[in-house]
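> Have a look at this one.
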Amino acid sequence: MNDSTTGHASRAIFAGPVATPVLAAATVVVLRDGEHGLEVLMLRRHAKSEVLGGAFVFPGGKLDAVDRVVAGARCVDASPEQLHARLGEPRLDARDAAALFVAACRETLEESGVLFAHGADAAAAQRVRDGARRAQRFDAVLDALALRLDTESLVPWTRWITPRVPAMMNRRFDARFFVARLPAGQQASHDDHEATDSLWLRPRVALERYRRREIVVAPVQLMSLVHLARHACVASVLAEARTRRPPLIEPEPFEENGVRAIAYPGHPRHPVRECAIPGPDCLLLRDDLFEPPAGFDSLLGLDAETR
């Protein structure tokens, strides 16, 4: 994988309110155990992308109409009702809940080449990815190769709804985040279309690179990296995710003394009084860098060993 992170990237913008509908989306935080601990896959979005152009993100994208059709197909290893129960959102329609799992699998394959399917190796993942590039329907390619999506590998982790005045983008998303281990025998590679670079990074290293302005990440990725940095291995992340319902996080932008800021659950400026995830309850935008009020080091108590 290319380790170059130079070049233009998105900047925090805090534009005006977004009036367009909130789009359902699915994101997969792909993890592996590296030589020095937990590593997370991050993809650099194309600089000309309308959403987070140039920023490093986790694989994912918006829900497509075909995902709802595929959700009830034989190429999915669980019924919509089973997936609905696993997602933990009683008010959501079962087929829509199942479609989020399908979208997570499809988007991760298209952007990173990683396929969550039973018995799929690198060659099978490439064949399904090639089919997607030829605009073949996802379920048709899976059926042709006798593959079934391994939805059990995707564990619901968090749910983020971007605010009416989002930072770094001009759209709103209702994104379900899943955590998953990189399947054995597969490798990740960016598609050179939506993503132009791919990196495996320890969460603390990713945060340090962001502080040194070597990479750009949006606040949701920043907060997610802080959350991941509490874990030493993939098993630890998956175990946490399986023991609780995914928290809903709706950031609240505000301005204080001329400084733009984002409040999270637990902050006095946020309507939800209890913290939802580990990490700061507020980020300030200082010199185009998001950091807690106490400064960047307060995120993790970073020391020289992690830099």
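> Can you tell which of Ala97, Ala120, Ala294 shows the greatest fluctuation in a Gaussian network model of the chain with Cα springs below 10 Å?
Ala294
> Right, something else. Let me check against my output: what whole-number percent is the relative contact order of region 218-307, with C-alpha pairs under 8 Å and at least 6 apart?
21
> Pick out which of Glu256, Glu291, Glu240 has the largest mean-square fluctuation in a Gaussian network model of the chain, springs linking Cα atoms closer than 10 Å.
Result: Glu256 has the largest fluctuation of those listed.
> Right, next: Determine the per residue accessible area of region 47-134 with all protein chains present and a 1.4 angstrom probe, expressed in square angstrom.
On the way: 3510 Å² over 88 residues.
Per residue, region 47-134 has 40 Å² of solvent-accessible surface.
> So, one more: To the nearest 20 debye, what charge dipole does the chain have about its Cα centre, counting +1 at the Cβ of each Lys and Arg and -1 at the Cβ of each Asp and Glu?
Details: 39 positive and 41 negative charges, 74 e Å.
Magnitude of the dipole: close to 360 debye.
> Further question: Which one of Ala104, Ala94, Ala146 has the biggest mean-square fluctuation once the chain is modelled by GNM with Cα springs under 10 Å?
Ala146
> Further question: For region 136-279, what is the accessible area per residue in Å², given a 1.4 Å probe and the full set of protein chains? Display every interim value, and only then the final one.
Values: 6240 Å² over 144 residues.
Each residue of region 136-279 exposes 43 Å² on average to a 1.4 Å probe.
> If you don't mind, there's one more thing I want to ask. Would you work out which of Phe296, Gln126, Leu83 lies farthest towards the positive end of the dipole of the chain? Charges go on Cβ: Lys and Arg +1, Asp and Glu -1.
Value: Leu83.
> Going by the alpha-carbon gyration tensor, a ≥ b ≥ c the square roots of its eigenvalues, is region 175-294 rounded (a/c under 1.5) or, if a/c is not under 1.5, prolate (a/b greater than b/c) versus oblate? Numbers along the way, then the final one.
Details: a/c = 2.14, a/b = 1.34, b/c = 1.60.
In terms of gyration-tensor shape, oblate.
> All other residues with a Cβ under 10 Å from the Cβ of Ala120 taken together, and with Lys, Arg as +1 and Asp, Glu as -1, what is their net charge? Could you put the intermediate results ahead of the total?
Details: positive: Arg127, Arg148; negative: Asp121, Asp150.
With Lys, Arg at +1 and Asp, Glu at -1, the neighbours total 0.
> A further question on this structure: How large, in percent, is the carbon and sulfur part of the accessible surface of the chain at a probe radius of 1.4 Å?
On the way: 6580 of 13520 Å².
Taking all protein chains in place, the chain shows 49 percent carbon and sulfur surface.
> Kindly sort Thr162, Thr151, Thr196 by accessible area of their heavy atoms, largest first, with the probe set to 1.4 Å.
Working: Thr162 30, Thr151 0, Thr196 50 Å².
In descending accessible area the options line up as Thr196, Thr162, Thr151.
> Let me ask you something else. Could you size up the charge dipole of region 25-173 around its Cα centre, putting +1 on the beta carbon of Lys and Arg and -1 on that of Asp and Glu, and report it in debye to the nearest 20? Present the calculation step by step, with values, prior to reporting the outcome.
Working: 21 positive and 20 negative charges, 133 e Å.
That gives a dipole near 640 debye.
> Something else now. What shape does region 163-239 take by its C-alpha gyration tensor, where a ≥ b ≥ c are the square roots of the eigenvalues and a/c under 1.5 counts as rounded, a/b above b/c as prolate, and the rest as oblate?
It is rounded, given that a/c, with a ≥ b ≥ c, falls under 1.5.
The values are calculated or read from the model by the stated rules, or taken from the named source; none is laboratory data. Everything quoted here is computed from the prediction, not taken from an experiment. So basically every Cβ, Gly included, is an ideal-geometry build from the backbone, and we count neighbours across all protein chains shown. Accessible surface is based on the protein model in full, side chains and every heavy atom, while ligands, DNA and RNA are left aside. Shrake-Rupley method; radii C 1.70, N 1.55, O 1.52, S 1.80 Å.
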